[in-house]
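Peer 1: Starting off with a structure, shown below.
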Amino acid sequence: MALILCLETATTNCSVALAKDGALLALKEDNSAKYSHAEKLHVFIEELLEENKLNISELDAIAVSKGPGSYTGLRIGVSTAKGLCFSLALPLIAIPTLTSLASQVKIETGKIVAMLDARRMEVYSAIYDLNLNQVRETKAQILDENAFREYLDKEKLVFIGSGVEKFKGICEHPNAVFIEGRLPSAREMCELAESRYKKSDTEDVAYFEPYYLKDFIAG
């Protein structure tokens with residue numbers, strides 16, 4: 001049972017949630033076209049606490065989306081989370097961004113493909129079963145008309161995330177289902193963070209780094 005502050009900054013969506021015992025207590029987010037994390041993140045944290053009449057000292061843990069995703073966005077989110085954990089002596093919980101994204105989908109058959117837009121025709125993706133167990137590793141891949149074919153030929157795949165628009169334009173497989181307009185949100189981190197908190201599945205605050213998946217290339 002815990003009060004956990006959840007931070008999601010891996011994409012353009014700057015999202016902050018308060019979770020109480022795994023349930024969403026409050027949420028603030030801004031999905032503007034430009035990254036607003038540097039300006040909005042601390043403001044959202046302060047507003048959420050104030051509006052819910054909570055003191056920051058009442059938090060039991062900080063959860064952060066660990067990637068993959070935007071290099072800059074991840075740096076801001078993780079730096080903020082680590083700073084709060086250091087100053088408040090709180091445990092740090094890291095949530096895989098694609099797992100959180102996949103949890104927005106509920107299916108009875110088939111699998112879920114969470115994918116985030118990278119550069120050109122590349123995406124960061126992972127595949128999950130209906131119980132949110134990851135069944136294929138997270139990887140960066142170049143999309144073409146045969147991407148995911150070995151799965152699509154066997155069963156329905158539900159695609160979700162900012163990479164969907166790219167793939168929808170080149171994939172005509174009848175087993176492909178596309179959910180558009182979705183980004184990772186701190187909302188879905190609540191239950192995942194509570195589960196890890198109960199198991200003491202936390203990070204070393206001093207050494208934790210975001211999961212970039214690929215080396216950062218300036219420009």
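The values are calculated or read from the model by the stated rules, or taken from the named source; none is laboratory data. None of these values were measured; they are calculated from a predicted model. Cβ coordinates were reconstructed from backbone atoms using ideal geometry, including for glycine residues, and neighbour counts include every protein chain displayed.
Peer 1: State all residues of the stretch 173-208 that are over 24 Å from ASN31 (Cβ atoms) and either at pLDDT below 95 or of a type in the set (Gly, Ala, Ser) (or both); if no residue qualifies, say none. Lay out the reasoning, then the answer.
Peer 2: If we filter the stretch 173-208 for residues that are over 24 Å from ASN31 (Cβ atoms), which is where we start, we get 173-176, 194-208.
Residues satisfying the conditions are ALA176, SER195, SER200, ALA206.
Peer 1: Across the stretch 1-24, which residue is modelled with the lowest pLDDT among those that are farther than 15 Å from ILE62 by Cβ and of a type in the set (A, V, I, L, M)?
Peer 2: Restricting attention to the stretch 1-24, the residues satisfying the condition of being farther than 15 Å from ILE62 by Cβ are 1, 10-14, 21-24.
Restricting the remaining residues to those that are of a type in the set (A, V, I, L, M) gives 1, 10, 23-24.
On the way: MET1: 72, ALA10: 96, ALA23: 97, LEU24: 98.
Only one residue tops the list, namely MET1.
Peer 1: Consider THR97 carefully, then state whether it is under 14 Å from the mean Cα position of the chain (by Cα) and closer than 19 Å to ILE4 by Cα. Reasoning before the result, please.
Peer 2: Numbers: under 14 Å from the mean Cα position of the chain (by Cα): yes; closer than 19 Å to ILE4 by Cα: yes.
Taking the combined requirement at face value, the residue satisfies it.
Yes or no, residue by residue, for (1) assigned by TED's automatic domain parsing to the domain that holds CYS85; (2) crowded, with 21+ Cβ neighbours inside 10 Å; (3) among the hydroxyl-bearing types (Ser, Thr, Tyr); (4) outside any strand (DSSP E or B):
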| site | (1), (2), (3), (4) |
| --- | --- |
| ARG119 | no, no, no, yes |
| LYS139 | no, no, no, no |
| GLU145 | no, no, no, yes |
| LYS154 | no, no, no, yes |
| CYS171 | no, yes, no, yes |
| ALA206 | no, no, no, yes |
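Peer 1: Taking the stretch 31-83, which residues are small (Gly, Ala, Ser) and in a loop (DSSP other than H, G, I, E, B)? Full working, then the answer.
Peer 2: The first filter runs over the stretch 31-83 and keeps only residues small (Gly, Ala, Ser), leaving 32-33, 36, 38, 57, 61, 63, 65, 67, 69-70, 73, 77, 79, 81, 83.
Once the filter is applied, which keeps residues that are small (Gly, Ala, Ser) and in a loop (DSSP other than H, G, I, E, B), the stretch 31-83 yields SER32, ALA33, SER36, GLY67, GLY69, SER70.
Rundown of residues vs (1) in the same structural domain as ASP117 (by TED's automatic domain parsing); (2) on the phi > 0 side of the Ramachandran plot; (3) in contact (Cβ under 8 Å) with a residue 12 or more places away in the chain, yes/no style:
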{"position": "THR12", "(1), (2), (3)": "no, no, yes"}
{"position": "ALA33", "(1), (2), (3)": "no, no, yes"}
{"position": "GLU46", "(1), (2), (3)": "no, no, no"}
{"position": "GLU58", "(1), (2), (3)": "no, no, yes"}
{"position": "ILE62", "(1), (2), (3)": "no, no, yes"}
{"position": "VAL78", "(1), (2), (3)": "no, no, yes"}
{"position": "ALA89", "(1), (2), (3)": "no, yes, no"}
